[in-house]
Amino acid sequence: MNLYCDGSVSPRGSRWIVVDENKKVLMDISTADKKTCNECEYLAMIEALSQAKDGDTIFTDSKLVEGQLTRQWAINYEHLKKLHDWAYHILQGKQLVKIQWIRREDNKAGQFLEEELRSKN
C-alpha cells in the first residue's frame, strides 16, 4: 500500500494527516498548539510509519524529513532531534517500508488538505 503524509500550520494551529492512495483518511490530527511546519511534517511521518506494513511506501513532500530519515542529513535543530529519533526508531522496526520524496502537487495528503480548505472558503 502507498501512504501519503503531510503536515501544515495555520493561524488556528497545527495539523498532520495520513491518507492512502485512494485519499482515504487514515489519520487526521489537529491541535491548537503552535508547531513548526517541520514538526508537523515529522508528526505526519510518525503516524504514517506507525500504520505502515512491510512493503509499503510512504510518500512525503518534505525533503528535510525524507533526507534526515533516509540519507542521514544533519539535524541542526534540537526540537527536531527528538521527532527524528522517534520516527527513526519506528522505521528500524519495519523491514521493508520505504520513504520517498514527491513533489508537493503529487502528495495526496496535501491535495486532501487543499481541497478541504477550498471547500470551506
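Observations, loosely collected:
- Rounded to the nearest 20 debye, the dipole magnitude of region 2-120 is 140 debye, with +1 charges on Lys and Arg beta carbons, -1 on Asp and Glu beta carbons, and the Cα centre as origin.
- Of the GluC sites (Glu not before Pro) found in region 1-74, those in coil by DSSP whose Cβ has at most 12 other Cβ atoms within 10 Å are 21.
- For the chain, the mean residue ellipticity at 222 nm estimated from helices alone is -13500 deg cm²/dmol, where every DSSP H run of n ≥ 4 contributes -39500 (n - 2.57) and the total is divided by all residues, rounded to the nearest 500.
- The orientation-averaged shadow of the Cα convex hull for region 1-42, equal to a quarter of the hull surface, comes to 2.8 nm².
- In terms of distances greater than 24 angstrom between alpha carbons, the cross-link table entries 63/98; 34/94; 81/108; 35/98 yield 34/94; 81/108; 35/98.
- Förster radius 30 Å - calculated FRET efficiency between residue 34 and residue 103 (Cβ-Cβ, nearest 0.05): 0.65
- For the chain, leaving out every one of the chymotrypsin sites (Phe, Trp or Tyr not before Pro) that falls in a DSSP loop and has at most 16 other Cβ atoms within 10 Å, the longest unbroken run is 1-72.
- Semi-axis lengths (Å, descending) of the ellipsoid that matches the C-alpha gyration tensor of region 10-99: 20, 18, 10
Here, each number is a calculation from the coordinates, and none is a lab measurement. Keep in mind it's a predicted model, so treat the numbers as computed, not measured. Glycine gets a Cβ as well: all are built from the backbone with ideal geometry, and neighbour counts include every protein chain shown.
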